[in-house]
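The structure appears right after this line, and notes come after that.
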Amino acid sequence: MAGLFIAFEGGEGAGKTTQSQVLADRLAELEVPCLLVREPGGTELGEYLRDYLKSDRPLSREAELLLFEAARVELVTSHILPALEDGRIVVADRFYGSTVAYQGYGRGLDLDTIHSLNHFATRSVAPDLVFLLDLAPEVGIQRAMSFQTAFTEGTAGELVALERTREGTRFEDLDLAFHHKARQGFLAQAEAEPDRWVQVNAMQAVDEIRDEVWDRVRDRLFPAPAAKPRAARKTAPQGELWPQAT
Ligand code: ATM
């Protein structure tokens, strides 16, 4: 499999959706073939399940877990695997790290069960790089709430608030303690797999996060050629001082 799989993880309001889009746009500018997906979603079943999962309709935590996994296996089978096999870059706005964090650490479901379901639903595909946009839940939730309101310019140039449709309330209405546990779940995964997970401070400006992400992605996509050992120099090159013998 020649492609590269990059996932963004983190709590509400951390900027995953923005950064996934920014990265996909940059890859498109460079004419690097890329597929941008979100979880849950990206397929007919996935979008249907997303609506249900984000609503406040009744759902046991066990069923919630299975629905996220059902959405995942559909997305992996129909889009992610074929794209990777085709040598494309896949950028995912959330992946199995969210299940470990929310259903495992947040809801308290058994982590071994979650790992084996993740393994099944991902068809054993794991992201090569995961950017964890880390943020205190107090800040993230505030941000996520403010995204609900968009503004437009009125006839006299004034700003008029537009009500956006709320996608749902299942996760937004959970107490802060839940979101703190989920954050711990993300951090634990990042600490357990430091070669795969990159922790990014999501309090930074969008452009700073974009640059930090791009540095890592560029290194993976266009690794610098290994430096050739230099022949020993006998004379000091211009403008450079030899260390003084003491
Ligand atoms: P967003 O795509 O808007 O982040 O919403 C998806 C919600 O589903 C999100 N809610 N919060 N907070 C996290 C949640 N979720 C899970 O609980 N488990 C999962 O496996 C996934 C992919 C998402």
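Read-outs throughout are calculated quantities, based only on the coordinates presented, and are distinct from any laboratory measurement. Since we're looking at a predicted model, the values are computed, not measured. Because the Cβ atoms are built from the backbone with ideal geometry, glycine has one as well, and the counts that use them run over all protein chains shown.
Side notes on the structure shown:
- Within region 92-112, the set of residues being more than 19 Å from Leu176 (Cα to Cα) and either near the ligand (Cβ under 8 Å from one of its atoms) or touching a residue at least 12 places away in the same chain (Cβ under 8 Å) (or both) comprises Ala92, Asp93, Arg94, Phe95, Tyr96, Gly97.
- Residues of region 20-35 satisfying the condition of being more than 13 Å from the ligand (Cβ to nearest atom) and either in contact (Cβ under 8 Å) with a residue 24 or more places away in the chain or touching a His at 6+ places or on another chain (Cβ under 8 Å) (or both): Val22, Leu23, Ala24, Arg26, Leu27, Val32, Pro33, Cys34, Leu35
- Selection status of Gly41, on the phi > 0 side of the Ramachandran plot, in contact (Cβ under 8 Å) with a residue 24 or more places away in the chain and away from the ligand (no atom under 11 Å from the Cβ): no
- Selection from region 82-110 of residues that are among the aromatic types (Phe, Trp, Tyr) and part of a helix (DSSP H, G or I): Tyr96, Tyr102, Tyr105
- Residue that is farthest from Ser78 (Cα to Cα) [pool: residues in region 9-19 that are more than 10 Å from the ligand (Cβ to nearest atom) and surrounded by 20 or more Cβ atoms within 10 Å (Cβ to Cβ)]: Gly15
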